[in-house]
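**Student:** Below: one structure in structure tokens.
Taken together, the values in this text are just the output of simple stated rules run on the coordinates, not laboratory data. These numbers were taken from a predicted model, which means no experiment stands behind them. Reconstructed Cβ throughout: ideal geometry from the backbone, glycine too, with neighbour counts over all protein chains shown.
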Amino acid sequence: MKTTIKLAVASALVAAASTANAGIIIPAGDWTLDINGNVNAFYIHNSSSDNNVIEGGLANAEDAKGDSGASSINTGLLPSWLGVTGKTRQNDLDVSFTISLQPGASGGTSLAGGGGNENRQAFITFGDKSWGTIKIGKDLGVFGSDAILADMTLLGVGSQGIVGAAGGTTTTLGRIGTGYMYADFNGQINYTSPNWNGFEFTVGIDQPLNTLNTTSFPGGSGASLDSAGTQRQPGYVGLVRYSWAGDVAGKVWAEVKSQNVDYTATIDERATMWGIGANVNVAGFGLTGYYYDGKGAGTTAFLMDGVALNGNRRDSDGGYVQATYTIPGVGTKIGASWGISKLDEASGEVATTLVKENEMWTVGAYHPLTKHLNLVAEYSRVQSENHANQENESDILSAGAILFF
């Protein structure tokens with residue numbers, strides 16, 4: 001059993017160079033159960049300037065009274081997590097299941113019960129190291145997963161995003177929408193190859209998604225075409241990755257996702273996006289770079305604001321760079337990162353209040369107080385601009401702790 005917790009939580013741990021052990025291991029007949037997860041919470045203060053309408057902007061605006069500050073206590077980008085994984089070997093197959101739940105840290109009103117709850121994982125896998133693994137169920141999406149799991153804000157807060165600065169949500173956004181598209185937790189069926197000396201690939205299909213537009217969020221007026229009804233065609237995903245170990249360790253990857261979307265009886269468009277990334281670690285230093293490009297895919301989340309009201313696709317692109325250093329003998333990781341996500345207007349659109357770009361700078365410190373408990377402090381500046389050249393800006397300070405088990 002590897003000495004890191006599983007799946008998204010495990011990858012978050014690796015990305016942050018934490019040192020927690022495996023979860024709680026319980027032999028149970030033919031099965032081995034691993035109960036694992038994390039608990040985290042942060043004090044977050046968000047100070048915003050300006051009050052422009054930026055549909056899809058991630059910088060929070062001043063309220064109607066001109067108040068610029070807002071405080072909250074909330075989980076960060078990585079939700080608090082309780083996961084159960086069971087593994088067994090039967091009929092020459094490695095078989096496993098995973099189920100998890102993610103409780104929210106707070107609610108925004110009295111009698112709210114302490115916040116919302118999510119269930120992000122419920123899947124099975126089966127396969128063998130000689131020919132690969134098949135996954136069926138709901139888990140972190142393939143496209144964008146390497147980008148988010150390499151993001152240092154995964155153990156912190158990053159931006160608070162479209163839902164506002166007052167908290168009450170299950171998680172913050174981290175760098176989602178300011179450097180990469182959200183991988184999301186999707187129903188999926190995929191195949192992952194064996195690992196051939198560091199090289200592996202994944203191909204599969206995703207649950208077909210409906211579109212999102214800015215009517216779904218505060219202040220939005222709906223500058224995008226909504227899809228008509230349930231989509232009939234699945235999304236197609238692919239990922240290739242090469243990893244290596246040694247004094248200079250790292251990985252490189254390339255990915256693609258595509259889905260056809262029916263918008264009206266006469267309008268259908270194919271949303272496509274691709275991305276490339278690299279991560280290198282040597283002598284305590286870590287460097288990550290990532291870039292993505294999309295047509296009709298939108299920004300922040302897949303299919304969000306991807307097609308204009310006139311039925312034409314919008315182009316989008318973005319990426320981030322990140323540098324970290326782990327102090328020898330202390331274990332504290334310090335880091336700085338910058339990223340941007342851009343959304344072009346479609347042919348026929350002129351100077352709308354739709355978001356043009358979301359940009360974020362972040363500096364952070366991540367200190368392992370014990371092998372399980374990490375203290376985290378971050379500062380982020382988020383800037384959003386619309387196609388009418390109006391801007392909003394948020395300065396976000398956060399401090400808290402995250403415990404892995």
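**Student:** Calculated from DSSP H runs of 4 or more alone, at -39500 (n - 2.57) each and per residue, what is the 222 nm mean residue ellipticity of the chain, nearest 500?
**Tutor:** Working: 2 runs with 14 residues, N = 405.
The helix contribution divided over the chain gives -1000 deg cm²/dmol.
**Student:** In a GNM of the chain with a 10 Å cut-off on Cα contacts, which of Gly57, Gly311, Gly179 has the highest mean-square fluctuation?
**Tutor:** It is Gly311.
**Student:** Which of Ala61, Ala265, Ala122 moves the most in a Gaussian network model of the chain with Cα springs under 10 Å?
**Tutor:** Residue with maximal mean-square fluctuation among Ala61, Ala265, Ala122: Ala265.
**Student:** Moving on to the next point. For the range 91-101, take each phi angle, set θ = phi - 60°, evaluate the Karplus expression 6.51 cos²θ - 1.76 cosθ + 1.60, and give the result in whole Hz per residue in order, putting x for glycine and proline.
**Tutor:** My calculation for the range 91-101 gives 6, 6, 10, 7, 10, 8, 9, 9, 9, 9, 9 Hz in order.
**Student:** So, one more: Identify which of Ile136, Ile25, Ile176 has the largest mean-square fluctuation in a Gaussian network model of the chain, with springs joining Cα atoms closer than 10 Å.
**Tutor:** Result: Ile25 has the largest fluctuation of those listed.
**Student:** Normalised by the residues of the range 7-404, what does the relative contact order come to in percent, with Cα pairs under 8 Å and at least six apart? Don't skip to the answer; put the middle values down first.
**Tutor:** Numbers: 1190 pairs, mean separation 69.2, N = 398.
Worked out over the range 7-404, it gives 17 percent.
**Student:** So if R0 is 45 Å, what FRET efficiency would Asn195 and Asp268 give, r being the distance between their Cβ atoms, rounded to the nearest 0.05?
**Tutor:** Working: r = 38 Å, r/R0 = 0.85.
Efficiency computed from Cβ-Cβ geometry: 0.70.
**Student:** While we're looking at this one, here's another question. Using the beta-carbon distance between Ala278 and Asp395 and R0 = 25 Å, what value does 1/(1 + (r/R0)^6) give for FRET efficiency, to the nearest 0.05? Could you put the intermediate results ahead of the total?
**Tutor:** Details: r = 30 Å, r/R0 = 1.20.
Calculated transfer efficiency: 0.25.
**Student:** Give, as ranges by residue number, the residues of the range 323-358 whose backbone N falls under 14 Å from the point 7 Å along Cα→Cβ of Phe285.
**Tutor:** Only 323-327, 336 fall inside the zone, counting backbone N under 14 Å.
**Student:** With a sphere of radius 13 Å drawn around the Cβ of Tyr236, what net charge do the other residues whose Cβ falls strictly inside it have (Lys, Arg +1; Asp, Glu -1)? Before the final figure, lay out the partial values.
**Tutor:** Values: positive: Lys257, Arg270; negative: Asp206, Glu255.
Counting the neighbours of Tyr236, the net charge comes to 0.
**Student:** Still on this structure, I have one more. For the chain, with only Lys/Arg (+1) and Asp/Glu (-1) charged at the beta-carbon, what is the dipole magnitude about the Cα centre, in debye rounded to 20? Show your work: numbers first, answer last.
**Tutor:** Working: 23 positive and 37 negative charges, 258 e Å.
Here the chain has a charge dipole of around 1240 debye.
**Student:** Select from Asn358, Ala271, Gly141 the residue farthest towards the positive end of the dipole of the chain; place +1 on Cβ of Lys and Arg, -1 on Cβ of Asp and Glu, and compute about the Cα centre.
**Tutor:** Looking along the dipole axis, the top candidate is Gly141.
**Student:** Another one. Measuring from label point to label point, each 7 Å out along Cα→Cβ, what is the Val203 to Ala377 span in nm?
**Tutor:** The modelled label-to-label distance comes out at 5.0 nm.
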